[in-house]
Amino acid sequence: MSLTNARPVPSAEPARKVEAARKVEPARRTRKAETELGRKRRARRMARILAETHPDAHCELDHGNALQLAVATILSAQCTDKRVNEVTPKLFARYPTAADYAGADRAELEQLIKPTGFFRNKTTSLINLGQALVERYDGEVPGRLTDLVTLPGIGRKTANVILGNAFDVPGITVDTHFQRLVRRWEWTDETDPVKIEHAIGALIEKRDWTMLSHRVIFHGRRVCHARKPACGACTLAAACPAYGTGPTDPLAAKLLKGPRARDLAAAAGADPDLVPAQAAAADVP
Ligand code: SF4
């Protein structure tokens, strides 16, 4: 850095704060006067930034086919994806088909999925799912929303996960992170998940629905946390009406999580060296 500037900057931090304040101004302006078209344009701009920010976004539940994804999604209720992924290799090897779940020994199945919590209810769902698939769909997971939502343990959210990731049918996954973020970003003020799904579906092109879901969820897990979002190290700051909900100085980089935390800091103009080593290894919720 040059030391010969005519107007000295006392330290890097105030300069960065000024930059952050400058960055956030457009988002604040949008808050009162935003039209429907303006909201759509802003949402699509944010979606493009999310695509650049999270090129690694994907379904974080390990699976090799639609049945495995259905099972993993049922297990993911009230449980981290990481924990589910620890349990499923053994489970999938032991129960490769819907008929295997239909005829499962309850005690054995319970034991295998116990680490995911609520294992008795989840065991019931898996056995009932296997039976329904065998009885009504020749043991195959159907590829239509209207069929999927009739299956035990499969709600609309799970059905959209399965459609988007196992059948390549665009789907919006309104999980807890997705709900929180799209409301925080003022993409919608709906609270009902189905209404949120329709509202976001009207803003974003259908072909992008599945990947948008992954990217929003990635952002919620790694950057835009519920209690203390990393606003000062967030690539969406300039377009986000909630900028300032969390700390806005570059030290916010300490709040980033996941193996790409340093990359995320750099992409937002924050110093990657501020990201603690353990953040990269930390579990994302
Ligand atoms: S971290 Fe802050 S700036 Fe980024 S999306 Fe969340 S609220 Fe907006």
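Tabulated data
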quantity	calculated
Entirely in the range 172-257, the helices (runs of 4 or more DSSP H) that have 1 or more residues that are under 15 Å from the mean Cα position of the chain (by Cα) and not assigned by TED's automatic domain parsing to the domain that holds Gln278	none
Answer residue from the range 113-149, given it is exposed (fewer than 14 other Cβ atoms within 10 Å of the Cβ) and polar (S, T, N, Q) and is farthest from Phe92 (Cα to Cα) among those	Thr146
Residue in the range 260-277 that is touching a Cys at 6+ places or on another chain (Cβ under 7 Å), assigned to a helix (DSSP H, G or I), closer than 19 Å to His58 by Cβ and in the same structural domain as Arg48 (by TED's automatic domain parsing) present	no
Residues of the range 248-276 classified as in contact (Cβ under 8 Å) with a residue 24 or more places away in the chain and either more than 14 Å from the ligand (Cβ to nearest atom) or not aliphatic (A, V, I, L, M) (or both), total	9
Spans of helices (runs of 4 or more DSSP H) in the range 58-119 with at least 2 residues among the hydrophobic types (A, V, I, L, M, F, W, C) and free of Cβ contacts under 8 Å to residues at least 24 places away in the same chain	81-94, 106-113
Condition check for Ile196: free of Cβ contacts under 8 Å to residues at least 40 places away in the same chain, crowded, with 20+ Cβ neighbours inside 10 Å and within 22 Å of Arg39 (Cβ to Cβ)	yes
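Per-residue answers, yes or no, for (1) in contact (Cβ under 8 Å) with a residue 24 or more places away in the chain; (2) buried (at least 22 other Cβ atoms within 10 Å of the Cβ); (3) farther than 23 Å from Val71 by Cβ; (4) away from the ligand (no atom under 16 Å from the Cβ):
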site	(1), (2), (3), (4)
Arg183	no, no, yes, no
Glu190	no, no, yes, yes
Ile200	yes, yes, yes, no
Lys206	yes, no, yes, yes
Gly220	yes, yes, yes, no
Ala230	yes, yes, yes, no
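The values are calculated or read from the model by the stated rules, or taken from the named source; none is laboratory data. Keep in mind it's a predicted model, so treat the numbers as computed, not measured. Reconstructed Cβ throughout: ideal geometry from the backbone, glycine too, with neighbour counts over all protein chains shown.
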